[in-house]
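A.B. asks: If you scroll down you'll find the structure; I have some questions about it.
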Amino acid sequence: MALARERGVSLPEEAGKNFDDYLELLGRGNQRANLTRITSRREVYIRHFLDALELLRWRDNPPVPVLDVGSGAGVPGIPLKLARPALELTLLESVRKKTDFLRETVQSLGLCGVKVVTGRAEELGRQEEYREKYLLVVSRALARLDILLELCLPFVATGGFFAAYKGTGYAGELEQAGLALAELGAKTEEIHRYMLPEVTGERALLIFRKTGPTPARYPRRVGVPKKRPLGRQS
């Protein structure tokens, strides 16, 4: 992962082999679980791995525990774990085929301190075991920001952070998220802008700080956040 080191992200000595092994597992798992449309080695390294590691340019040692909501193929959670082996991490994904892949990957890579959970954020966000238990929640390529905030902020402990990985349309999504932030008990902490090599357009990590408990009525039941996003209610 020379590209990461060139961007100032330190990595353990074994990271190169571990990322290569992860790439191989992704290639095999993609055939049965439809994990990613990006298949070339260099593109996976840049668009998935390097993008995930951008969080470490915001916080070299992220606060723990960490929850990855809608983890899919394990991004950004697994690349962050490979870069910071001591990270206490939970991967949440609703699709069973994908969580099967995640469990196999965690075992194959010998990752300790990683929990894989199959479930919907709308349901687990109401359960005491998960609600407001994480100092950092991350999510990438899951939903528009005003939907994402309702799915993710209930997991964040007061004083903790939610980091949303967003592409070129992030400014418009952020503009529509004001109502959701106020309603859910959070505020914008930082907008970390960046570019990826060989990728057109500015990207951003949108960092939100949890300022108080999320009202008990959130998240709403499955499907409602998408149908009636808080940021677009009249």
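The values are calculated or read from the model by the stated rules, or taken from the named source; none is laboratory data. Model, not experiment: these values are computed from the prediction. Every residue, glycine among them, receives a Cβ derived from its backbone with ideal geometry; neighbour counts consider all protein chains shown.
A.B. asks: Residue check: is Ala83 buried (at least 18 other Cβ atoms within 10 Å of the Cβ), over 22 Å from Cys152 (Cα atoms) and at pLDDT below 95?
C.D. replies: Criteria not met by Ala83.
A.B. asks: Quick one: in segment 97-139, of everything that is in contact with a strand residue (DSSP E or B) (Cβ under 6 Å, 6 or more places away or on another chain) and of a type in the set (Lys, Arg), which residue is farthest from Arg28 (Cα to Cα)?
C.D. replies: We begin by selecting, within segment 97-139, every residue in contact with a strand residue (DSSP E or B) (Cβ under 6 Å, 6 or more places away or on another chain); these are 99, 102-103, 106, 114-117, 121, 132, 134-139.
Restricting the remaining residues to those that are of a type in the set (Lys, Arg) gives 103, 115.
Numbers: Arg103: 14, Lys115: 22 Å.
Selected residue: Lys115.
A.B. asks: Let me ask something else about it. Of all residues in segment 160-203 being more than 22 Å from Asp68 (Cβ to Cβ) and among the hydroxyl-bearing types (Ser, Thr, Tyr), which is nearest to the chain's Cα centre (by Cα)?
C.D. replies: Among them, the one singled out is Thr168.
Table: residues versus (1) buried (at least 21 other Cβ atoms within 10 Å of the Cβ); (2) of a type in the set (Phe, Trp, Tyr); (3) closer than 24 Å to Phe49 by Cα; (4) in contact (Cβ under 8 Å) with a residue 40 or more places away in the chain.
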residue: Val137; (1), (2), (3), (4): yes, no, yes, yes
residue: Arg140; (1), (2), (3), (4): yes, no, yes, yes
residue: Pro154; (1), (2), (3), (4): yes, no, no, yes
residue: Thr158; (1), (2), (3), (4): no, no, no, yes
residue: Ala163; (1), (2), (3), (4): yes, no, yes, yes
residue: Gly169; (1), (2), (3), (4): no, no, yes, no
residue: Gly185; (1), (2), (3), (4): no, no, no, no
residue: Glu190; (1), (2), (3), (4): no, no, yes, yes
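A.B. asks: Count, please, the residues in segment 63-76 that happen to be in contact with a helix residue (DSSP H, G or I) (Cβ under 8 Å, 6 or more places away or on another chain), modelled with pLDDT of 95 or more and either among the small types (Gly, Ala, Ser) or surrounded by fewer than 20 Cβ atoms within 10 Å (Cβ to Cβ) (or both).
C.D. replies: Residues in segment 63-76 being in contact with a helix residue (DSSP H, G or I) (Cβ under 8 Å, 6 or more places away or on another chain), modelled with pLDDT of 95 or more and either among the small types (Gly, Ala, Ser) or surrounded by fewer than 20 Cβ atoms within 10 Å (Cβ to Cβ) (or both): 3 in total.
A.B. asks: Assess whether Val75 counts as being under 27 Å from Ala157 (Cβ atoms), in contact with a His (Cβ under 7 Å, 6 or more places away or on another chain) and of a type outside the set (Asp, Glu). Can you show your working first?
C.D. replies: Numbers: under 27 Å from Ala157 (Cβ atoms): yes; in contact with a His (Cβ under 7 Å, 6 or more places away or on another chain): yes; of a type outside the set (Asp, Glu): yes.
Against the criterion (under 27 Å from Ala157 (Cβ atoms), in contact with a His (Cβ under 7 Å, 6 or more places away or on another chain) and of a type outside the set (Asp, Glu)), Val75 qualifies.
A.B. asks: Which ones in segment 213-234 are touching a strand residue (DSSP E or B) at 6+ places or on another chain (Cβ under 9 Å) and either under 20 Å from Leu174 (Cα atoms) or buried (at least 21 other Cβ atoms within 10 Å of the Cβ) (or both)?
C.D. replies: Result: Thr214, single match.
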